[in-house]
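Reading through the structure tokens given below for one structure.
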Amino acid sequence: MGHIVKIGRYEIIDAELNMQELSTVGVPCQTNPGLTCQLDGWDLHTSVPAWIDGMPIELELSHYDKHQDRWVLNAPA
């Protein structure tokens, strides 16, 4: 079963997660254009409140992965 990731009012059903630690989240741009458009305007390392399977987590905007057309967010160490 996949994980449910929410960022603001956006529910990302196709998020790519690091399955071992749930510390890295990839947000595909093609299927999440509203959210990725907003992420594109934010500064790198901006704090992003999110929920993974209903559990709150603070993510940090890491980088845009141009090869996979997705935004990558990390949980701060």
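The values are calculated or read from the model by the stated rules, or taken from the named source; none is laboratory data. Not measured: the values here are computed from a predicted model. With ideal geometry, Cβ positions are generated from the backbone for all residues, glycine too; neighbour counts draw on all protein chains shown. For the accessible areas, the whole protein counts, side chains as well, though only heavy atoms, and no ligand, DNA or RNA atoms are used. Shrake-Rupley method; radii C 1.70, N 1.55, O 1.52, S 1.80 Å.
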*Taking the range 2-21 as the search range and keeping residues that are open to solvent by 50 Å² or more (accessible area, probe 1.4 Å) and among the hydrophobic types (A, V, I, L, M, F, W, C), which one is modelled with the lowest pLDDT?*
Met19
*For the range 52-77, enumerate the residues that are aliphatic (A, V, I, L, M) and either surrounded by fewer than 16 Cβ atoms within 10 Å (Cβ to Cβ) or assigned to a strand (DSSP E or B) (or both).*
Ile52, Met55, Ile57, Leu59, Leu61, Val72, Leu73, Ala77
*Give just the number: which of (1) among the hydroxyl-bearing types (Ser, Thr, Tyr); (2) exposed (fewer than 15 other Cβ atoms within 10 Å of the Cβ); (3) modelled with pLDDT under 90 does Thr31 not satisfy?*
(3)
*asked:* I'm told Val25 meets every condition in (1) at pLDDT 90 or above; (2) of a type outside the set (Phe, Trp, Tyr); (3) open to solvent by 50 Å² or more (accessible area, probe 1.4 Å) except one. Can you identify the failing condition by its number?
replied: (3)
*Within the range 18-51, count every residue that is closer than 14 Å to Gln68 by Cβ, outside any helix (DSSP H, G or I) and touching a residue at least 24 places away in the same chain (Cβ under 8 Å).*
7
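Quick check on the range 3-17: of everything there that is in a loop (DSSP other than H, G, I, E, B) and either among the hydroxyl-bearing types (Ser, Thr, Tyr) or closer than 20 Å to His67 by Cα (or both), which residue is nearest to the chain's Cα centre (by Cα)?
Step one: of the range 3-17, the residues in a loop (DSSP other than H, G, I, E, B) are 3-4, 8-9, 13-15.
Adding the requirement that they be either among the hydroxyl-bearing types (Ser, Thr, Tyr) or closer than 20 Å to His67 by Cα (or both) leaves 14-15.
Details: Asp14: 10, Ala15: 7 Å.
Step by step, filter the range 3-17, then rank; the result is Ala15.
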